[in-house]
Amino acid sequence: MLEPGAFGLEGFPSVHLGCVDRDEPHAHVRSVTTAMLPLLRSSPELLVVQGDTSTALGAALAAFTSGVALAHVEAGLRTYDPLLPWPEEEYRAAIDAGADLLFAPTEFAASNLRAENVPGEIHVTGSTGIDAALGAASRLPPPVRWERATRTILVVCDRPERLDDDLESIAAALADLGNDGSSRIELLLHQDPLIAANMRLALAGMHGVALLEPGGNDELISRIRNSDLVLSDSRTIEEIAPALGVPLLVIREKTERPEGIAAGTTRLVGTKDERIVTEVRALLGDETALAAMRRRALLFGDGLAAGRIATVITDWIQRRSLTRRLA
């Protein structure tokens with residue numbers, strides 16, 4: 001979803017790891033670890049990983065093996081169900097268990113880390129995803145919102161396993177919602193060509209459903225802001241939609257970001273077509289409830305997470321250097 005260079009990293013030296021493995025995440029973890037080990041022979045002060053992907057765990061394992069200190073951005077997110085999401089739940093717990101610095105997006109995430117007695121330093125910083133979203137929003141014209149007979153629902157399905165398990169149910173729900181003429185469904189296709197092809201196969205030709213090619217970060221933010229409702233399984237959008245004041249229905253069974261549900265800006269509706277349709281129609285038919293969910297809520301940060309993380313890292317390196325000199 002994010003365009004290359006969106007975070008200003010294009011000016012830094014980079015190394016292509018060449019680790020491509022779409023089907024088996026554990027194998028990809030091993031590939032990344034193997035590719036990273038030579039890069040850590042110079043013993044950098046710190047390796048920073050973000051998120052809970054196989055790439056993040058592979059790099060973290062390389063750091064553990066090489067004795068290089070590790071920082072984890074997006075630490076402490078938990079469903080406490082190893083299958084939801086799989087394999088990310090086990091990956092992020094494994095990273096947190098050995099990290100020296102843990103940057104939690106919220107106090108709730110930090111409380112998870114404290115309960116697990118992780119040995120590293122815990123810092124609540126907010127989410128860097130919110131930094132990017134608010135930065136994009138500041139560059140865009142105001143959202144186009146008006147009362148209209150046909151509501152616009154933006155749908156973003158990010159989870160690859162939906163190809164086999166849930167996509168048929170989600171497609172049936174979208175077909176039902178599109179057919180009654182009260183909603184225009186805009187489905188944002190995945191960047192992965194294989195996932196996008198399967199989505200087209202399941203959803204092409206459905207009345208009232210428009211299939212949209214993926215674009216850059218600014219385009220995604222614009223589409224979210226101009227929607228009446230977002231329907232998504234994307235964990236990033238669970239952070240972004242409340243920050244932009246757009247109601248969100250999460251098509252997952254569990255979430256590691258319960259802050260939106262507690263705040264009333266997000267609802268967890270599962271993956272069954274009957275429930276999705278019922279929840280969407282009930283919400284769009286209740287203007288009071290819809291207006292309450294439009295409240296802009298910065299639940300996952302204020303747009304300043306990156307600066308906080310950089311400050312903590314700088315201070316940590318300086319303290320470590322001083323300790324070494326005094327030893």
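The values are calculated or read from the model by the stated rules, or taken from the named source; none is laboratory data. Computed from a prediction, not measured in an experiment: that's the story for all the values here. As a convention, Cβ positions derive from the backbone with ideal geometry for all residues, glycine included, and neighbour counts pool all protein chains shown.
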Checked the range 85-107 for anything over 16 Å from the mean Cα position of the chain (by Cα), under 17 Å from PRO258 (Cα atoms) and either in a loop (DSSP other than H, G, I, E, B) or aromatic (Phe, Trp, Tyr) (or both); matches are none
Note: among ALA104, ALA97, just one is out of contact with any Ser or Thr (no Cβ under 8 Å at 6 or more places or on another chain), not hydroxyl-bearing (Ser, Thr, Tyr) and not assigned by TED's automatic domain parsing to the domain that holds ASP158, namely ALA97
- Message: Against the definition (more than 23 Å from the chain's Cα centre (by Cα) and closer than 27 Å to GLY303 by Cβ), how does LEU46 come out, yes or no?
- Response: yes
Problem set entry | Qualifying residue in the range 304-317 (condition: touching a Pro at 6+ places or on another chain (Cβ under 8 Å) and either modelled with pLDDT of 95 or more or in the same structural domain as THR106 (by TED's automatic domain parsing) (or both)) | yes
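Does any residue of the range 139-153 turn out to be buried (at least 17 other Cβ atoms within 10 Å of the Cβ), at pLDDT below 85, assigned by TED's automatic domain parsing to the domain that holds LEU211 and in a loop (DSSP other than H, G, I, E, B)?
Checking the range 139-153: not a single residue is buried (at least 17 other Cβ atoms within 10 Å of the Cβ), at pLDDT below 85, assigned by TED's automatic domain parsing to the domain that holds LEU211 and in a loop (DSSP other than H, G, I, E, B).
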Here the residues within the range 217-266 that are among the small types (Gly, Ala, Ser) and either crowded, with 23+ Cβ neighbours inside 10 Å or not in a helix (DSSP H, G or I) (or both) are SER227, SER232, SER234, ALA241, ALA243, GLY245, GLY260, GLY264
Filter pass, ALA63 being among the small types (Gly, Ala, Ser) and either more than 30 Å from ALA196 (Cα to Cα) or in contact with a Leu (Cβ under 7 Å, 6 or more places away or on another chain) (or both)
yes
_When you scan the range 76-84, do you find a residue that is under 21 Å from ASP315 (Cα atoms) and outside any strand (DSSP E or B), even just one?_
no
In the range 267-301, anything under 19 Å from GLU239 (Cβ atoms), buried (at least 19 other Cβ atoms within 10 Å of the Cβ) and of a type outside the set (Phe, Trp, Tyr) is listed as VAL269, MET293, LEU299, GLY301
Selection from the range 269-327 of residues basic (Lys, Arg) and within 29 Å of LEU231 (Cβ to Cβ) yields LYS272, ARG275, ARG281, ARG294, ARG295, ARG296
In the set ALA297, ALA289, ALA243, the lone residue that is without any contact (Cβ under 8 Å) to a residue 40 or more places away in the chain and of a type in the set (A, V, I, L, M) is ALA289
When the range 56-75 is checked residue by residue, the ones that are buried (at least 21 other Cβ atoms within 10 Å of the Cβ) and assigned to a helix (DSSP H, G or I) are ALA56, LEU57, GLY58, ALA59, ALA60, LEU61, ALA62, ALA63
Is there a residue in the range 207-230 that is under 20 Å from LEU290 (Cα atoms), aliphatic (A, V, I, L, M), in contact with a Pro (Cβ under 6 Å, 6 or more places away or on another chain) and not assigned by TED's automatic domain parsing to the domain that holds GLY51? yes
Subset of the range 192-213, residues over 21 Å from THR150 (Cβ atoms), at pLDDT 80 or above and part of a loop (DSSP other than H, G, I, E, B), comes to GLU213
Inspect all residues belonging to the range 270-282 and state whether any of them is assigned to a helix (DSSP H, G or I) and touching a Pro at 6+ places or on another chain (Cβ under 9 Å).
no
**Message:** For the range 311-326, check the following and say yes or no: at least one residue is part of a loop (DSSP other than H, G, I, E, B) and over 17 Å from GLU121 (Cα atoms).
**Reply:** no
